[in-house]
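Here's the structure, in structure tokens; my notes come after.
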Amino acid sequence: MKRIFIDISKWNCNEKNLKTYFDFIQIEEQQRIRQFYRFEDKKRSLAGRLLLKFKSSEIYGKKPKQLEFGRTIYGKPYLIEHSEFEANISHHSKYVIFGFEEFNCQIGVDVVEIKEEKEENQTIHFFQDFQECFTKKEWEQILQPLQNKDKFIRFFWFWSLKESFIKADGKGLSFGLFRIEFIINWESIISLNFVRGGISKNDPIQLFIDGVFSSDWIFESTFIDNSFIFSVCFKNVNHLLNFDEIPFQNFEEISIDEMCSKMKEK
């Protein structure tokens with residue numbers, strides 16, 4: 001599996017049995033997670049670390065304790081003895097997602113919950129807070145629909161795409177959200193369940209960096225329960241010109257206990 005998600009609302013975890021799961025991750029990560037004030041934040045962060053350990057252990061056929069992760073200056077995790085390993089995690093609300101591509105292929109993932117402000121004045125204030133995060137063309141697309149709900153779907157979709165890109169690039173927010181511009185070809189979208197693009201200007205998703213179209217990155221977005229968006233961005237390392245050469249990768253659900261059970265068998 002290259003696309004995995006966990007629903008932590010199904011995970012029977014509490015402060016007492018947290019130690020059971022800590023055994024799979026590094027001490028410095030245990031200490032970092034313990035510093036979170038809210039227990040739900042601890043769960044989300046721990047689930048993400050367990051996913052990294054589980055997949056890297058599965059790929060390299062090693063015990064989890066034999067694999068150590070470090071962090072770049074931008075906070076992106078990397079596997080110390082296997083620099084070719086490229087993976088990324090994201091968590092929001094009840095979901096934690098994981099993305100892995102072929103070796104040495106940069107990848108970023110993001111999950112976001114679509115939340116709608118019901119009152120018009122609240123909507124205006126909400127969008128004003130993010131005014132500088134999107135370009136003029138992006139705001140035109142976001143505000144185009146008549147229905148308030150559709151405005152928020154577009155807003156959070158653009159946000160998720162941008163987050164997935166800056167995580168794949170590896171520099172985080174220091175890259176500059178305003179440098180990244182997405183154009184969505186709404187007429188070409190058959191279903192919002194799964195959308196991908198980035199290769200050509202005819203694709204549903206088009207990326208512009210500093211005003212110049214870029215075909216260097218491929219984007220995939222999956223809409224879950226009409227309330228969440230899972231976005232994936234990965235480097236077009238083979239300079240593909242169409243999507244016939246790219247197999248469809250659906251997100252598959254796995255439970256924490258299933259992962260831990262398999263890691264214990266190593």
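Where a number appears in this text, it was derived from the coordinates with a stated rule and is not lab data. Owing to the predicted nature of the structure, the values given are computational and were not obtained by experimental measurement. Cβ placement follows ideal geometry from the backbone for every residue including glycine, while neighbour counts extend to all protein chains displayed.
Does the range 220-266 come out rounded, prolate or oblate by the C-alpha gyration tensor, with a ≥ b ≥ c the root eigenvalues, rounded set by a/c under 1.5 and, if not, prolate when a/b is larger than b/c and oblate if not?
Taking the square roots of the gyration eigenvalues as a ≥ b ≥ c, the range 220-266 is oblate.
Indicate the gyration tensor shape class of the range 122-234 (rounded, prolate or oblate), computed on the Cα atoms with a ≥ b ≥ c the square roots of the eigenvalues: a/c under 1.5 is rounded; otherwise a/b larger than b/c is prolate and the rest oblate. Don't skip to the end; give the middle numbers.
Numbers: a/c = 1.45, a/b = 1.12, b/c = 1.29.
Rounded, because the longest to shortest axis ratio a/c is under 1.5.
Students often get this wrong, so check it: of 65/94; 2/53; 162/201; 16/262; 62/235, which have C-alpha atoms separated by over 24 Å?
65/94; 62/235
Going through the range 1-58, which trypsin sites (Lys or Arg not before Pro) have at most 11 other Cβ atoms within 10 Å and a DSSP loop state?
Values: sites: 2, 3, 10, 16, 19, 32, 34, 38, 42, 43, 44, 49, 53, 55; in loops: 2, 16, 38.
Taking the range 1-58 and a limit of 11 other Cβ atoms within 10 Å, the loop trypsin sites (Lys or Arg not before Pro) found are 16, 38.
Can you tell me, using C-alpha contacts under 8 Å and at least 6 residues apart, the relative contact order of the chain as a whole percent?
21 percent
Please compute the modelled spin-label separation between residue 105 and residue 255, points set 7 Å along Cα→Cβ, answer in nm with one decimal.
Inter-label distance under the simple model: 3.1 nm.
Sort out for me the Cα centre separation of the range 1-44 from the range 96-167, rounded to whole Å.
27 Å
Ignoring everything except DSSP H segments at least 4 long, calculate the 222 nm mean residue ellipticity for the chain; use -39,500 (n - 2.57) per segment, divide by total residues, nearest 500.
My calculation for the chain gives -10000 deg cm²/dmol from helical runs alone.
Let me make sure I get this right: for the range 188-256, a, b and c are the square roots of the gyration tensor eigenvalues over alpha carbons, sorted descending. Under 1.5 in a/c it's rounded, otherwise prolate if a/b > b/c, else oblate. Which is it?
prolate
How far, in degrees from 0 to 90, does helix 148-169 lean away from the longest principal axis of the Cα atoms of the chain, to the nearest 10?
Once rounded, the angle reads 50 degrees.
Can you report the principal axis dimensions of the chain using only the alpha carbons, biggest first, rounded to whole angstrom?
52, 45, 33
Which trypsin sites (Lys or Arg not before Pro) in the range 97-206 pass both tests, a DSSP loop state and at most 12 other beta-carbon atoms within 10 Å?
115, 118, 201
Treating only the Cβ of Lys, Arg, Asp and Glu as charged (+1, +1, -1, -1), what charge dipole size does the range 112-236 show about its Cα centre? Round to the nearest 20 debye.
So the magnitude is around 280 debye.
In 5 Å bins starting at zero, report the fraction of Cα pairs in the range 77-149 per bin as a rounded %.
Pairs per bin, as whole percents: 3, 12, 15, 15, 13, 14, 11, 8, 6, 2, 0.
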